[in-house]
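Visitor: Input: one structure, supplied below.
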Amino acid sequence: MCCCIRGAITIEENTKECIWRNTELMLAEIMNRNGLSADDIISVVFTATRDIDAAYPAVALRKMGITEASLICMQEMYVKGSLEMCIRVMVTINTDKAQKEMQHVYLKGAVVLRPDLVKKRTEAIAIDGPAGSGKSTVAKLIAKELGYIYVDTGAMYRAVGLYCINNSINYADNKAVEKVLDKIDIDLVHSEGTQRIFLNGEDVTDAIRTPAVADGASKVAAIGKVREMLVELQKSIAHRSKVVMDGRDIGTNVIPDARVKIYLDANVLERAKRRCNELEEKGIPYDFNAIAKDISSRDEYDKNRELNPLTAAEDAHVIDTSEMTIDEVKNKILEIARG
Ligand code: DC
């Protein structure tokens, strides 16, 4: 069966680059929101206002690998007072869904065309990435700068891991962990850009920062019932306050409609180096090779588990921080958030 999806976007200037970049953005968003692949697209009709003539928008689709669909570009009729510098599309797709399920996409200045179709996103910044990618350092700075609440979701999994360790429960045993979940009460207290975490009334903010607890956290995070309990708590915080939330599945699962999604990455050696620097600052002895090994085996586990594995959301901005300073990463994210 065929359905049609509508979209529109305004562009900043009449240049090839600007036309293609915005067309690509609009099409990628249409594909994301409707779960489409290139093969699902039968045809795309583009129209552009008469002030756009530096390039055909359709070229951007060929660049995106949409090579089989029939494309056509046309100049729109001019209506006095209508939106300027605007590209519109009608995408015909092959689908089992009904027309009313289609998600139409109106971006930038074109939002005014169909405010009824524009879904409001949750005002949150979701930051995901592997251990040591700089998430928490940068997330705290951004929260402070924007006046948002910083939420470290890894701390919650760590608190469950710590409970298991303290109570001699094998954290790799799903059934054993599930049995004690109703005895675990986790509370987060946020003030002045920092988070303190309480496990059954006790402040465990510092106690959860050990390699043993990190391993426990990674293991309990693969258990469905643990995730259900913590994700519900995370969602409720995200919907009550403006948050910068970091973790592994924030953009994909906890706040899939977050206004800004970031995926931070860095190579393993760089991440191990950063961990060692932190330990050095605290005067804690360390073994570089052991830390590098710990980090990569935890990543493997987090990326390959069945439930909400660590992965970048399709609409996340992926930033490789290996060669970047903290300030550079912070500024890049703020630029994305403010843009
Ligand atoms: O960010 P961290 O190192 O404090 O996280 C500890 C573990 O918790 C991590 O190895 C995977 C898990 N985790 C998760 O599965 N989902 C999250 N949103 C956050 C952390």
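The values are calculated or read from the model by the stated rules, or taken from the named source; none is laboratory data. From a predicted model like this one, the values you see are computed outputs, not experimental measurements. Counting neighbours? That spans all protein chains shown, and the Cβs are built from the backbone with ideal geometry, glycine included. SASA here: full protein model, heavy atoms, side chains in, ligands and nucleic acids out. Shrake-Rupley method; radii C 1.70, N 1.55, O 1.52, S 1.80 Å.
Visitor: Going by what's in this entry, would residue 43 be described as more than 30 Å from residue 237 (Cα to Cα), open to solvent by 50 Å² or more (accessible area, probe 1.4 Å) and at pLDDT 95 or above? Working first, answer last.
Guide: On the way: more than 30 Å from residue 237 (Cα to Cα): yes; open to solvent by 50 Å² or more (accessible area, probe 1.4 Å): no; at pLDDT 95 or above: yes.
Taking the combined requirement at face value, the residue does not satisfy it.
Visitor: Pick from 275, 259: which is in the same structural domain as residue 212 (by TED's automatic domain parsing), closer than 14 Å to residue 132 by Cα and open to solvent by 50 Å² or more (accessible area, probe 1.4 Å)? Give the steps one after another, and end with the answer.
Guide: Details: 259 fails: closer than 14 Å to residue 132 by Cα.
Going through 275, 259 in turn, the sole match is 275.
Visitor: Hey, among 313, 337, 238, which residue is in contact with a Gly (Cβ under 7 Å, 6 or more places away or on another chain) and closer than 28 Å to residue 36 by Cβ? Before you say what the answer is, go through the steps one by one.
Guide: Values: 337 fails: in contact with a Gly (Cβ under 7 Å, 6 or more places away or on another chain); 238 fails: in contact with a Gly (Cβ under 7 Å, 6 or more places away or on another chain).
Criteria check complete, one pass: 313.
Visitor: Related question: Residue 124: closer than 26 Å to residue 309 by Cα, within 16 Å of the ligand (Cβ to nearest atom) and assigned to a loop (DSSP other than H, G, I, E, B), yes or no?
Guide: So residue 124 fails the test.
Visitor: With respect to the numbered conditions (1) assigned to a loop (DSSP other than H, G, I, E, B); (2) at negative phi; (3) open to solvent by 30 Å² or more (accessible area, probe 1.4 Å), which one is the sole condition not fulfilled by residue 168?
Guide: Failing condition for residue 168: (2).
Visitor: Another one. Sort out which residues of segment 201-256 are part of a loop (DSSP other than H, G, I, E, B), among the acidic types (Asp, Glu) and surrounded by 22 or more Cβ atoms within 10 Å (Cβ to Cβ), and write them in order of number.
Guide: 249
Visitor: For segment 102-116, how many residues are modelled with pLDDT of 90 or more and out of contact with any helix residue (DSSP H, G or I) (no Cβ under 8 Å at 6 or more places or on another chain)?
Guide: 2
Visitor: Checking residue 298 against (1) under 30 Å from residue 174 (Cβ atoms); (2) modelled with pLDDT of 95 or more; (3) not in a loop (DSSP other than H, G, I, E, B), only one condition comes out false. Which one?
Guide: (2)
Visitor: So which residues in segment 46-63 are open to solvent by 50 Å² or more (accessible area, probe 1.4 Å) and either β-branched (Val, Ile, Thr) or in contact with a helix residue (DSSP H, G or I) (Cβ under 9 Å, 6 or more places away or on another chain) (or both)?
Guide: 56, 59, 63
Visitor: Looking at segment 145-158, is at least one residue more than 30 Å from residue 328 (Cα to Cα), among the basic types (Lys, Arg) and either at pLDDT 95 or above or part of a loop (DSSP other than H, G, I, E, B) (or both)? Even if it seems obvious, please write down each step before you answer.
Guide: From segment 145-158, those more than 30 Å from residue 328 (Cα to Cα) are none; that's our starting set.
Checking segment 145-158: not a single residue is more than 30 Å from residue 328 (Cα to Cα), among the basic types (Lys, Arg) and either at pLDDT 95 or above or part of a loop (DSSP other than H, G, I, E, B) (or both).
Visitor: Let me ask you something else. What pairs come out if I take residues in segment 45-72 that are among the aromatic types (Phe, Trp, Tyr) and pair them with residues that are part of a loop (DSSP other than H, G, I, E, B) whose C-beta lies under 6 Å away, six or more apart or interchain?
Guide: From segment 45-72, the pairs are 46/57; 46/58.
Visitor: Can you say whether residue 56 is aromatic (Phe, Trp, Tyr) and in a helix (DSSP H, G or I), as far as the supplied structure shows?
Guide: No.
Visitor: List pairs: first residue in segment 76-96 and more than 21 Å from residue 4 (Cβ to Cβ), second residue open to solvent by less than 40 Å² (accessible area, probe 1.4 Å) and outside any loop (DSSP other than H, G, I, E, B) anywhere in the structure, Cβ distance under 7 angstrom, at least six positions apart or on different chains.
Guide: That search, which allows pairs on different chains as well, returns 85/10.
Visitor: For residue 128, state whether it is of a type in the set (D, E, K, R) and open to solvent by less than 20 Å² (accessible area, probe 1.4 Å). Full working, then the answer.
Guide: Details: of a type in the set (D, E, K, R): yes; open to solvent by less than 20 Å² (accessible area, probe 1.4 Å): yes.
It is true that residue 128 is of a type in the set (D, E, K, R) and open to solvent by less than 20 Å² (accessible area, probe 1.4 Å).
Visitor: Something else: Looking at (1) modelled with pLDDT under 95; (2) within 14 Å of the ligand (Cβ to nearest atom); (3) within 30 Å of residue 25 (Cβ to Cβ), can you tell me which one residue 234 breaks?
Guide: (1)
Visitor: Confirm whether residue 296 is closer than 18 Å to residue 152 by Cβ and surrounded by fewer than 17 Cβ atoms within 10 Å (Cβ to Cβ).
Guide: no
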